[in-house]
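Colleague: Quick one: the structure is below, and I'll ask about it shortly.
The values are calculated or read from the model by the stated rules, or taken from the named source; none is laboratory data. The structure displayed is predicted, hence computed values, not measured ones. Cβ coordinates were reconstructed from backbone atoms using ideal geometry, including for glycine residues, and neighbour counts include every protein chain displayed. The protein model used for the area step is the full one, side chains on, heavy atoms only, and it has no ligands, DNA or RNA in it. Shrake-Rupley method; radii C 1.70, N 1.55, O 1.52, S 1.80 Å.
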Amino acid sequence: MTYIAKPKMRHPGLPTNARGFTHRDYEGAISTLCAGCGHDSISAALIQACFELDIEPHRVAKLSGIGCSSKTPDYLLGNSHGFNSVHGRMPSVLTGANLANRDLIYLGISGDGDSASIGLGQFAHCVRRGVNMVYICENNGVYGLTKGQFSATADKGSKSKTATNSDSPIDLVSLALILGATFVARSFSGDKKQLVPLIKAAISHQGSAVLDVISPCVQFNNNPQSTKSYDFVREHNDAVNRIDFIEPRAEIKADYAPGTVETVTQHDGSVLKLAKLHEDYNPHDRVGAMSFLLARHAAGEIVTGLLYLDENPEDIHTHLNTVSSPLNTLRESDVCPGAGALDAINESYR
Ligand SMILES: Cc1ncc(C[n+]2csc(CCOP(=O)(O)OP(=O)(O)O)c2C)c(N)n1
Ligand code: SF4
Ligand SMILES: [Mg+2]
């Protein structure tokens, strides 16, 4: 992976967060992506979200596959754990890491090729198992790194710089809903106001959070006839809500007219204020969300916002009844309780 280290200079007047970290402490190496690539805006949104959430960088593990999008973890959170895996295989590596150490915040950063083409099976199983993670697909409809072939999320009839796509698309958001994700959202790399609170809410969510972010590839798929171009997304962006993320213990100020905002409290005490932009949209109705998405897609619109939220999520550790401590903190007496315990287990099967 190519990277250019960023000089470690720090202006003494840089603002710090509650943990004493500056914005600079959440950055990584200098990006080698094309100027204007949507992926860089998503990196900036992730950096801002982690800074504002006062996250200690060593508590984050960022994992990716292969692609321009999968290179981006190198450009953020330089003091966090990182693993750049094989194309399409990030979800299984993340699942294993999460099972071994449930105390970290897992960021799975992927592309549409990485998630919907070669990695579709891995994506599906990771989501349906309820792994506690933030899964971000930086979705440009093409394989940017290998020079612009259509990926499985490209819309039928969409034109790239060199070709017209004739295949039906895979919509990762609809798939995430079917697979049981407990937090499902879509956003646009060019809308930081929408994206940053969604990332913060997804990080605070204690279950499988899937965030599909349309992220135009300026090099191969940003022509006006592409449904993943900046112009098309700006013209067809149909946001169902706006969310404000309020950290646990922060004061909730009533700055909306009563009845226009729904307040949702998550397990960690964080509060989401959901301002409805679509009168008939209910983000707690999984089936309703699916039919709404299908209908709006057929009408040529791109639905964004918090699409589905289960306020009481369960994760893979609950399903498997695993030990509550990270495996590397267990003592020998925990993992090897002796012959008596083994005899008792064997006896229980007789
Ligand atoms: C097993 C394997 N197959 C194919 C490739 C070639 N390859 C590298 S990146 C890529 C597609 C990346 O597309 P996407 O995930 O959408 O990322 P983007 O570059 O668009 O951000 C492909 C096919 C590979 N590296 N490994
Ligand atoms: S090729 Fe496309 S996806 Fe890759 S860095 Fe350039 S603009 Fe971004
Ligand atoms: Mg792509």
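Colleague: Only one of (1) without any contact (Cβ under 8 Å) to a residue 40 or more places away in the chain; (2) more than 16 Å from ligand 3 (Cβ to nearest atom); (3) at negative phi is not met by residue 20, so which one is it?
Modeller: With (1) without any contact (Cβ under 8 Å) to a residue 40 or more places away in the chain; (2) more than 16 Å from ligand 3 (Cβ to nearest atom); (3) at negative phi applied to residue 20, the lone miss is (3).
Colleague: Within the bounds of the range 126-144, is there any residue that is in a helix (DSSP H, G or I) and open to solvent by 40 Å² or more (accessible area, probe 1.4 Å)? Working first, answer last.
Modeller: First, the residues of the range 126-144 that are in a helix (DSSP H, G or I): 126-128.
When the remaining residues are screened for being open to solvent by 40 Å² or more (accessible area, probe 1.4 Å), the result is 128.
Checking the range 126-144: at least one residue is in a helix (DSSP H, G or I) and open to solvent by 40 Å² or more (accessible area, probe 1.4 Å).
Colleague: Now, a different point. Does residue 27 satisfy the criteria of being within 24 Å of residue 246 (Cβ to Cβ) and in contact with a Phe, Trp or Tyr (Cβ under 9 Å, 6 or more places away or on another chain)? I'd like the intermediate steps shown before the answer.
Modeller: Values: within 24 Å of residue 246 (Cβ to Cβ): no; in contact with a Phe, Trp or Tyr (Cβ under 9 Å, 6 or more places away or on another chain): yes.
Taking the combined requirement at face value, the residue does not satisfy it.
Colleague: Residues in the range 286-300: is at least one modelled with pLDDT of 90 or more and within 22 Å of residue 161 (Cα to Cα)?
Modeller: Looking for residues that are modelled with pLDDT of 90 or more and within 22 Å of residue 161 (Cα to Cα), one finds at least one in the range 286-300, hence yes.
Colleague: Based on what the data block shows, is residue 347 of a type outside the set (Val, Ile, Thr) and over 25 Å from residue 174 (Cα atoms)?
Modeller: Numbers: of a type outside the set (Val, Ile, Thr): yes; over 25 Å from residue 174 (Cα atoms): yes.
When the stated conditions are applied, residue 347 passes them.
Residue-by-condition table, conditions (1) part of a helix (DSSP H, G or I); (2) open to solvent by 20 Å² or more (accessible area, probe 1.4 Å):
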residue	(1), (2)
36	no, yes
39	yes, no
46	yes, no
55	no, no
58	yes, yes
71	yes, yes
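Colleague: Turning to a different aspect of this structure: Any residue at all in the range 83-98 that's out of contact with any Cys (no Cβ under 8 Å at 6 or more places or on another chain), assigned to a loop (DSSP other than H, G, I, E, B), farther than 25 Å from residue 129 by Cα and small (Gly, Ala, Ser)?
Modeller: Looking only at the range 83-98, we keep the residues that are out of contact with any Cys (no Cβ under 8 Å at 6 or more places or on another chain), and these are 83-90, 93, 96-98.
Subset that is assigned to a loop (DSSP other than H, G, I, E, B): 85-89.
After this cut, where a residue has to be farther than 25 Å from residue 129 by Cα as well, the list is none.
Within the range 83-98 (the criterion being out of contact with any Cys (no Cβ under 8 Å at 6 or more places or on another chain), assigned to a loop (DSSP other than H, G, I, E, B), farther than 25 Å from residue 129 by Cα and small (Gly, Ala, Ser)), the answer is no, since none of the residues qualifies.
Colleague: Given the conditions (1) closer than 30 Å to residue 268 by Cβ; (2) more than 11 Å from ligand 1 (Cβ to nearest atom), and given that residue 161 satisfies all but one, which numbered condition is not satisfied?
Modeller: Residue 161 satisfies every listed condition except (1).
Colleague: While we're here: Suppose we filter the range 194-228 for residues that are over 16 Å from the mean Cα position of the chain (by Cα) and more than 14 Å from ligand 1 (Cβ to nearest atom); how many remain?
Modeller: As a first pass, look at the range 194-228 and keep what is over 16 Å from the mean Cα position of the chain (by Cα): 216-228.
Checking which are more than 14 Å from ligand 1 (Cβ to nearest atom) leaves us with 223-225, 227.
Qualifying residue count, the range 194-228: 4.
Colleague: Something else now. In the range 14-34, which residue that is of a type in the set (Ser, Thr, Tyr) and assigned to a loop (DSSP other than H, G, I, E, B) is surrounded by the fewest Cβ atoms within 10 Å (Cβ to Cβ)?
Modeller: Start the filter on the range 14-34 by keeping residues that are of a type in the set (Ser, Thr, Tyr), which leaves 16, 22, 26, 31-32.
Applying the additional criterion that residues be assigned to a loop (DSSP other than H, G, I, E, B) yields 31-32.
Numbers: 31: 21, 32: 13.
So the residue we want is 32.
Colleague: In addition: Being open to solvent by less than 10 Å² (accessible area, probe 1.4 Å), away from ligand 2 (no atom under 13 Å from the Cβ) and in a helix (DSSP H, G or I) is the filter here; which residues of the range 100-125 pass it?
Modeller: The answer is 115, 116, 123.
Colleague: Answer yes or no as to whether residue 246 is over 27 Å from residue 166 (Cα atoms) and without any contact (Cβ under 8 Å) to a residue 40 or more places away in the chain.
Modeller: When the stated conditions are applied, residue 246 passes them.
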